[in-house]
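Taking it in order: structure first as structure tokens, then the write-up.
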Amino acid sequence: MCPSRPDLTAVRPSWGGGRRNTSTVALDPLAAEDADRLVRLLLTVHDLPASVHTRILERAEGNPFFLEEIIRRLIDGGHLVRSGDRWHASHGIDDVDIPDTVQAVLASRIDLLAPEDKRVLQAAAVVGRAFWTGPVEELTALPGERMEPALRRLEERELVLSRMSSTLSGEPEYLFKHVLTRDVAYESLPRRERGEAHTAVARWLERTAGDRAGEFAELLAYHYSTAVVVARDVSNESDPELRSTAVRWLLRASRDARRRLVVRKAQRLAEQGLELAGLDQERVDALETLAEACFDAYEGDLAWRYFREAAQVLGRSTGGDGERIAFLCARACEIPQRWPGSIRGTLPSEAEAKELYDLGHSALPPGDSEARIRLLGVRAGWPFGYPSPSADEDELRPFVAAGVEAADVALRMGLPNLASGALDAANAAWTSIGYYGHVLPLWERRAALLPDVTDTLEIGDCYAMGAWVQFELGRYTTALAVADEGLSEVSGRGPNVELHLRAWRVDTLYRLALWEEAIAEFALLNDLLDERRDDPPYFVTQAVAPAATIHELRGERSESDRLGATMTRLMTGHTGRLYPFFLRYLVVRGDLEQGRSLHRSDTWRVHANDVYEAEAELTAALGAWDEVPRLLDEMRRHASKAGTAALVAFADRLEGRAALAAADAAKAATFLERSAETFASMDAPWERALSELELADALTISGLAAQATAVAARAAATFEALGDLKHLAAVRAARRP
């Protein structure tokens, strides 16, 4: 700081920082008395007219930066002068014009600069908030011996600051004191000069950075794209080569942002690239880059749209790259196949997906390739995306084979990430009909690849699928272990990779009767969902019901009502997954008519185990005993195919309840006891206690009072430990003399 000027940083109150602090902090305006004190701290002028002092305060309106800039403007204009250790107001200060905006004050200060200094400041503003001397010298054609004094004078006026280090070796680096200073200086540069200036800066940066140019992709994208836009605005024309260069750097910057998980910036940069793209190849590149960014943002509707458009544009091009067409078609079709939860609106129709799949298949050249792996995966996953209500095992085996073949090709090519995805697709056929016993071996093969898998989304999805499969098979302790291991691998690496895992963790904790943990996990899930907590993707909706059920059983009706309303609203969308979990909640709540009004969706077989469990509970609650034989037959046949122990336990409970209603206490006791034992073997104490609740009734009717009392006491202890007030009251009412 030059000793002849006031040090405006030395007396900053708490709203400011050191002169090299470039972070942004939102601040409230200073109160009138604080602003007045700040002016007096910044500068003591004994003969400053009161009218000028008042005008300074009125103009600044409590903005500290505005106050500083007004005072600097008065000094720059010679209205405040220093004599020895004192500041004096010059003659005529009463008539000085004080602009009414900070931008106008800054513009006035810039206009007071010597022409050469102003030119340097304008050139620096083209480079950016931070700038190097090299491009400024090129833009101004000033030699170093004149550049250094100019920059020193600008620093003395506290318009710019020198930095201790530089991002480019051997290039002194400076920073505009305030971003507004840079903006005003830039706006003072005639628009017709800006395009060439940005081009010159970009080329200087590429030339100077050399092999490191990629590190400055976003800055190069900014300069080249701005040059193109300015040229279009000024002359309605742009240099095709310059435009292509701008597109190339914009897309590279977008991909860099994706790698850093800055997905919104990645989308914005890709959108700018698409806007500037002219040639078909440029449009394809931009559309693909934008689609990838939208996929990372979990905006499946847009990802599908842009992948599809990229494939169609390339397909119409003369001599289009067949392998790339196939790749883009596959990437588009994967959205409704593997990632339907990323689509907020209506899924693409099967006809739309089939048209795109056929385009890719016809374009695919022979031989192993990533495109072939992905298209085989799409073929394998078709029954999950577009299930057939009557598909049987024989019909589904070719789809499974396509997925296994895709995995084999991927492993042959040394692509474990793609092999993982292919094995997931291979399982889609069995998942589509709820045969989780068939799913397990393929999932285990997929899990064996995890040490070599590097794609975070694949890692998270593999563990989530593992937790899901184990849950459906009734292996709740294992399901929780898989979920926990998965979270240890992917936690903190983006919400999209955690949501599916945490949703199944909520369900598993609920089934294991670890209800406090389930509620805490559900809260964590909501934090990750953020603004989507009231409109979550379908693949986490099953976590809402356990949380609502726990609140309902504990008598926390307002929270149960809120979550129940959320599920009622969600039943208008993708209902396949939510349906059974919501139905079970309604049974617990006693809303049997609403439960009866619900209907299975077209995709219900994916969750057949859960559907049968919930419908068994509803049937018993309604006392619809004539429906039991048909439902039991379906449940037991499906359990034998799916390999789930839980469904057997639910079927036994339903048969025991039906026998109890028919006054066959002995038969009821047999099935209810077997149900309770099965639930106990699966570490599902609440479900065990529900079976024991009615087992106690059957034992009482059978004249086994002592056994009935012991069973009822065990159930009551479970309900009491969980805070299940509803069923605890039922036990006590049944035991009342």
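Summary table below
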quantity	calculated
Considering residues of region 464-495 that are farther than 20 Å from Asp610 by Cα and in contact with a Ser or Thr (Cβ under 8 Å, 6 or more places away or on another chain) only, the residue modelled with the lowest pLDDT	Gly494
Residue identified as hydroxyl-bearing (Ser, Thr, Tyr) and either in contact with a strand residue (DSSP E or B) (Cβ under 6 Å, 6 or more places away or on another chain) or surrounded by fewer than 22 Cβ atoms within 10 Å (Cβ to Cβ) (or both) among Ser388, Ser432	Ser388
Given (1) among the hydrophobic types (A, V, I, L, M, F, W, C); (2) touching a residue at least 40 places away in the same chain (Cβ under 8 Å); (3) part of a helix (DSSP H, G or I), number of the condition Ala391 does not satisfy	(3)
Search result, residues across region 399-420 that are surrounded by 13 or more Cβ atoms within 10 Å (Cβ to Cβ) and farther than 16 Å from Glu458 by Cα	Phe399, Val400, Ala401, Ala402, Val404, Glu405, Asp408, Val409, Met413
Cross-chain or 6+ apart pairs with Cβ under 8 Å, region 139-155 first and closer than 9 Å to Glu116 by Cα, then hydroxyl-bearing (Ser, Thr, Tyr) and exposed (fewer than 14 other Cβ atoms within 10 Å of the Cβ)	none
For Ser342: the one exception among (1) surrounded by fewer than 24 Cβ atoms within 10 Å (Cβ to Cβ); (2) under 23 Å from Gly403 (Cα atoms); (3) touching a Lys or Arg at 6+ places or on another chain (Cβ under 9 Å)	(3)
Candidates Leu583, Leu578 - the one that is in contact with a Ser or Thr (Cβ under 7 Å, 6 or more places away or on another chain), buried (at least 21 other Cβ atoms within 10 Å of the Cβ) and within 23 Å of Ala639 (Cβ to Cβ)	Leu578
Residue list for region 120-130, filter: of a type outside the set (A, V, I, L, M) and modelled with pLDDT of 95 or more	Gln122
Total residues in region 155-196, condition assigned to a loop (DSSP other than H, G, I, E, B), within 38 Å of the chain's Cα centre (by Cα) and surrounded by fewer than 17 Cβ atoms within 10 Å (Cβ to Cβ)	7
Matching entry among Ala202, Ala231 (being part of a helix (DSSP H, G or I) and touching a Phe, Trp or Tyr at 6+ places or on another chain (Cβ under 6 Å))	Ala202
Gly486 vs. criteria within 24 Å of Arg258 (Cβ to Cβ) and either charged (D, E, K, R) or surrounded by fewer than 23 Cβ atoms within 10 Å (Cβ to Cβ) (or both)	no
Within region 689-716, tally of residues that are outside any helix (DSSP H, G or I) and more than 13 Å from Ala666 (Cβ to Cβ)	0
Residue in region 263-273 that is surrounded by fewer than 16 Cβ atoms within 10 Å (Cβ to Cβ), modelled with pLDDT under 95 and closer than 23 Å to Phe307 by Cα present	yes
Any hit, region 327-335, residues being over 18 Å from Leu287 (Cβ atoms) and among the β-branched types (Val, Ile, Thr)	no
Check on Glu627, out of contact with any Cys (no Cβ under 7 Å at 6 or more places or on another chain), in contact (Cβ under 8 Å) with a residue 12 or more places away in the chain and in a helix (DSSP H, G or I)	no
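The values are calculated or read from the model by the stated rules, or taken from the named source; none is laboratory data. Values in this document were obtained by computation on a predicted structure and should not be read as measured data. Virtual Cβ from ideal backbone geometry, glycine too; neighbours counted across all protein chains shown.
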